[in-house]
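Asker: This is the structure I want to talk about, given as structure tokens.
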Amino acid sequence: MAKKKNTTSGYKKTLCTKCTGLCCRYFALPLDTPEDWDDYDDIRWYLAHKDITIFVEDGDWYLNVINKCRYLSEKDYKCGKYDLRPRICRGYETETCDHISDDYDYDYEMNFTSDMQMEEYMKIKFGPKVFDKLEKKKKTRKKKKAKK
Ligand code: SF4
Ligand code: SF4
């Protein structure tokens with residue numbers, strides 16, 4: 001299930017009017033904990049995509065999609081679909097939301113923002129020469145092309 005922290009009505013109204021809609025600018029989905037090379041390499045692939053980050057919190061891995069909801073207005077930061085907003089938005093609580101919660105201080109156990117970072121992590125995990133095999137294949141292909 002998508003990860004959003006959790007509003008009491010009066011408090012929500014006050015706090016949300018001072019906020020630019022932080023909670024409507026991303027969503028995070030849980031991932032299976034990576035166990036082997038293929039799992040980490042899949043995560044490396046996720047991270048090759050624009051506006052994707054991966055974070056680990058309390059041992060759980062999440063794929064973070066940094067992409068604004070189409071209904072969030074950039075003029076007044078209000079929801080353009082408020083009465084029909086999805087369940088996840090309805091269950092969101094300002095007591096622990098992005099605007100005030102310490103949980104959102106980016107105090108993750110790990111936070112990857114690019115595939116290069118994951119490559120470095122994979123080198124630590126699987127050995128510094130772990131990508132050499134892929135480099136060798138690349139060189140062999142170049143040689144074959146040059147011979148043609
Ligand atoms: S992050 Fe919190 S204060 Fe900001 S819009 Fe969302 S619920 Fe309201
Ligand atoms: S539907 Fe409304 S409350 Fe939900 S994420 Fe989009 S702008 Fe935010």
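Values quoted throughout were computed directly from the atomic coordinates according to the rules given, and no laboratory measurement underlies them. Only a predicted model underlies this, so the values are computations on that prediction, with no experimental measurement involved. We place every Cβ from the backbone using ideal geometry, glycine too, and count neighbours over all the protein chains shown.
Asker: Per-residue ellipticity at 222 nm for the chain, helices alone: DSSP H runs ≥ 4 residues times -39500 (n - 2.57), over residue total, nearest 500 deg cm²/dmol?
Answerer: Computed ellipticity for the chain at 222 nm equals -10000 deg cm²/dmol.
Asker: Follow-up question, since we're still on this one. How about the chain: what cysteines have no other cysteine beta carbon under 4.7 Å from their own?
Answerer: Within the chain, the cysteines lacking a partner Cβ under 4.7 Å are C16, C19, C23, C79, C89, C97.
Asker: Which value in nm describes the separation of the simple spin-label points at R25 and D58, placed 7 Å from the Cα toward the beta carbon?
Answerer: So the two model labels end up 2.5 nm from each other.
Asker: Still on this model: What pairs in K68/K123; K18/K68; K50/K129 have C-alpha atoms more than 25 Å from each other?
Answerer: Long pairs (Cα-Cα over 25 Å): K68/K123; K50/K129.
Asker: With a cut-off of 8 Å between alpha carbons and a minimum separation of six or more residues, what is the relative contact order of region 30-112 in percent?
Answerer: 31
Asker: How large is the Rg to Rh ratio of region 32-148 when both quantities use alpha carbon positions and Rh follows Kirkwood?
Answerer: Looking at region 32-148, the ratio lands at 1.15.
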